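One structure is given below, encoded as structure tokens.
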Amino acid sequence: MRRLYLNLYLTVVGSLIVFAIVAGYLWRVLVHVAPPPQAAELAAEIAQGALPAADAPREAQQAALERLARGRINIALFAPDGTRIAHVGREPLASRSGDPQPNFPWRGRRIWTIELPDGRSLAARLPPPREQASFAPLGLFLAFGLIALAVAVGAYPAVRRVTGRLERLQVSVEALGAGNLAARVKVEGRDEVASLAASFNRSAERIESLVAAHKSLLANASHELRSPLARIRMATELLKTDAKPELRAELERDIAELDALLDEILLSSRLDATDALETREEVDLLALAAEECARVDAMPSGESTTVHGDPRLLRRMIRNLLENARRYGGGTPIEVGVTSLDGDALLRVCDRGPGVAEAERERIFQPFYRPAGARERAGGTGLGLALVRSIARKHGGEVSCLGRAGGGTCFEVSLRQ
């Protein structure tokens, strides 16, 4: 994944490298560059060959210097003691003894001083062409201005791309805050902004699913509560005139059903509201299954397997699976097995009932969902299997509904040990 700070850093560094290369090239082209020492030595050898000997008359040395200069430069010839022997040009150069600067092969921007092998020296001033002198500062300024403009133009798309994505993310966040739970943002790129957009989409999907689940839970709970409350109201009216034992028993069953429904609604809401388990300890899954199997006359089999979790929630998970098998198993024996497989604890609860159609094996874990024909069968609140899945996932596991050869259903729960 590309890092945003790395993109910006490489953009700046690349711009500086380009700026340095172009500026160096322009500096070399527009500004006079000093000749290397080897060039000065070669010029000294050539000049001494063109000039007469050091003891020649000054007139001969003046004539030779004029032939050498040809009137294009200001040049002066100095004796070893620094006195000027001859010069050419309208601006005679000062003597070496009067020159405050040391004698370097390259001195100033347009003055050369060359030491001859016999001790004499030549000093020359090279006037730049008028057009170059006038163009150099302006051209250099214009070149740097063009470079700055190029950097600004090149950096704008990159910066605008980042800020544009942030602006679109801000619009989606504001839309989500205003109640539009379907608001999403397009994930562009592979940097931190793209990661932030993906995180926002995941959070928005989670919020939307939680709100939808709570709305569905509330709507279905209202529907499920209406039936036992109506029966209780009717039984209460009948008790005023006829207090039969059968009526009292029916009233108690309705109250128990209502109490169980409220308990499962509260437990489901609590599981959705928390990310971590309130209690976590070692639990022997086989022993816990044996205690619950005693309530429905079932006998567990398998090996002792320890898991880390909340014993109350695990007990509720096993109880719901057993109650579901007893209710929809058609009176057939319930088979319960506990094993350990690949580091996970495996709990299986099977029956020989009519089974669940393959198309509905995933949907039966939805709150208040009942397969076709299930409403004619007695009992159940519609939250039992939904709670089983929630409890399994809270313990790092999963539950699935499987068919059996010969008919029936198996619920298989895997829990992290």
Practice prompt. Take Val388 and decide whether it is part of a helix (DSSP H, G or I), at pLDDT 90 or above and either at negative phi or of a type in the set (Phe, Trp, Tyr) (or both).
Written response: yes
Worksheet entry | Per-region count, region 189-210, residues at pLDDT below 85, among the acidic types (Asp, Glu) and either outside any helix (DSSP H, G or I) or surrounded by fewer than 15 Cβ atoms within 10 Å (Cβ to Cβ) (or both) | 1
Discussion item. Tally up the residues in region 28-44 that are loosely packed, with under 13 Cβ neighbours inside 10 Å and either assigned to a helix (DSSP H, G or I) or modelled with pLDDT of 65 or more (or both), please.
Written reply: 4
Worksheet entry | Scope region 399-417; condition free of Cβ contacts under 8 Å to residues at least 40 places away in the same chain and either outside the structural domain of Gly384 (by TED's automatic domain parsing) or surrounded by 15 or more Cβ atoms within 10 Å (Cβ to Cβ) (or both); matching residues | Val399
Worksheet item: Which of the residues belonging to region 66-96 are among the aliphatic types (A, V, I, L, M) and at pLDDT 80 or above?
Response: Ile75, Ala76, Leu77, Ala79, Ile85, Ala86, Val88
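The values are calculated or read from the model by the stated rules, or taken from the named source; none is laboratory data. Nothing here was measured: the structure is a model prediction, and the numbers come from that model. Reconstructed Cβ throughout: ideal geometry from the backbone, glycine too, with neighbour counts over all protein chains shown.
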